[in-house]
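Here the structure is laid out as structure tokens; the discussion comes afterwards.
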Amino acid sequence: MTNTATVLQASGVTMRFGGLTAVRDVDLHVDQGEIVGLIGPNGAGKTTFFNCLTGLYTPTEGQVSYQGKVLPAQSHLVTQAGVARTFQNIRLFANMTVLENVLVGRHTRTKEGLWSALLRGPGFKKAERGSEERAMELLDFIGLSHKRDHLARNLPYGEQRKLEIARALASEPGLLLLDEPTAGMNPQETRATEELVVAIRDKGIAVLVIEHDMRFIFNLCDRVAVLVQGEKLVEGTSEVVQGDERVIAAYLGTPFEGAPEDTAIEEVQAAEAQAGGEGNDQ
Ligand SMILES: Nc1ncnc2c1ncn2[C@@H]1O[C@H](COP(=O)(O)OP(=O)(O)OP(=O)(O)O)[C@@H](O)[C@H]1O
């Protein structure tokens, strides 16, 4: 426990959909105690990569290990192994209470399966009693214990996102993957989420987070990897990534230095200026 241990290791992960390569040969690791950010323009392959890590997709090539063991490409086995995630779009059980949502998240840690949890069979009810204390601890941790009996759908948006995190934590992960946790949040909610992620890390859970809010990422992350068109372009500390011109260019959609398009754009601009000047006397 004294040395830094690698929690997650993705090696050469490639994901193709027919002719489209959404993720190409990506290596990424997350160490114990780290918060790692994954950024990139829309369509860069971030969510596809998460889906490869969590068993929703079987990568076309490459492999993913958690604590030294190759993960199976089945999401419930990945969760059982210790990797939990949230989704870009909220996926709570809207008509269940706050507490019930967290209890469902514990099903991988009890002998009862998901259906038993959802249908609330006798086996689940028994397991539930043992789990309730832990679920309430988690609700305390995220500041929602006072709303334990509220229906999830009645929570304000920011609290729904927090509840999703609590449900993911209920599987007792060693690594938490967050897909755009602050999407749709106001600045106060974003700030609170930042603090929550730090508190999660301080509990010994490593975090890998996809986020478009750059301030959130650069404030929070020990390391940031940048995906562009499915490939890892840069990886480093916030300072390194912020200072890398290729990252700025990728976000602005500007061609890289020396790219052939540079001259083409200049030629078009010159032609447009000339045409504008000819037809216009100003
Ligand atoms: N199931 C799929 N079948 C075919 N193509 C897909 C599939 N999922 C994603 N893609 C394509 O793969 C590419 C990467 O998409 P992905 O959603 O992973 O990007 P992203 O970086 O998460 O984007 P965003 O920031 O907008 O969420 C896109 O071109 C997308 O259209």
Env charge @ Asp25, Cβ radius under 9 Å, K,R +1 / D,E -1, value -1
Taking max minus min of the Cα coordinates of segment 206-254 on each principal axis, largest first, gives extents in Å of 32, 21, 17
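Only the coordinates and a few stated rules stand behind these numbers; no lab work does. Computed from a predicted structure; not experimentally measured. Please note: Cβ atoms are built from the backbone with ideal geometry, for glycine as well, and neighbour counts cover all protein chains shown.
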